[in-house]
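Working notes, beginning with the structure itself.
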């Protein structure tokens, strides 16, 4: 049994590193599934190989684990040509599907499966805030990716496994992701408003990301879809 184990699938990006640090500090055994475990080494973290498509030896780590957190997906920080768009979609759907199949084989599956999603699933709105209860889904490539991602997730229910899809806004951290890009642009003199300047940006601080995922683990009544964002978006 691995009662105090947290699995992070695709957990080597910015959010993965935030959660690695947090759960190690909380005394959990942290296991990260990555395509290239030899590239990564951190005290208190075990890196195991996976390809995001096929069940492997990593699946044994699911037995009795406290939680599985799936962060896997090709970075969207790229040109949206047809090849990259296919990789963005397939990497998310394939990883979610193989995790669902692995959980189905478990004798003692993790009690909680958290799957990352994206706040981009909502329509671009300047008239009101979008939320889980009244938010309106948008259209286009990014929205279609989010819909397919969540469908793959909820297509794998398992008795006794609580499922939470996290529609996450941009994570602001000095260690990676969008924030260093914004900082760089500002230093080059490209700050200030763009276009009308009225476009809203939803975001969340790295400290709140760590606290939020801990809250999901500690709050058994939470399931289905939930947003992760600071309460007030900025223009």
Does segment 137-146 contain at least one residue that is part of a helix (DSSP H, G or I) and in contact with a strand residue (DSSP E or B) (Cβ under 6 Å, 6 or more places away or on another chain)? yes
Can you go through 19, 8 and tell me which one is in contact with a helix residue (DSSP H, G or I) (Cβ under 8 Å, 6 or more places away or on another chain), more than 22 Å from residue 90 (Cβ to Cβ) and surrounded by 21 or more Cβ atoms within 10 Å (Cβ to Cβ)? 19
Name the residue that is surrounded by the most Cβ atoms within 10 Å (Cβ to Cβ), counting only residues in segment 60-93 that are farther than 25 Å from residue 145 by Cβ and under 19 Å from the mean Cα position of the chain (by Cα). 65
Cβ-Cβ below 6 Å, separation at least six or inter-chain, first residue in segment 186-213 and without any contact (Cβ under 8 Å) to a residue 60 or more places away in the chain and on the phi < 0 side of the Ramachandran plot, second surrounded by 13 or more Cβ atoms within 10 Å (Cβ to Cβ) and not in a loop (DSSP other than H, G, I, E, B): which pairs? 203/170; 203/172; 204/171; 204/228; 205/172; 212/228
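Any read-out appearing in this document is the output of simple, stated calculations on the displayed coordinates, not a laboratory observation. Computed from a prediction, not measured in an experiment: that's the story for all the values here. So basically every Cβ, Gly included, is an ideal-geometry build from the backbone, and we count neighbours across all protein chains shown.
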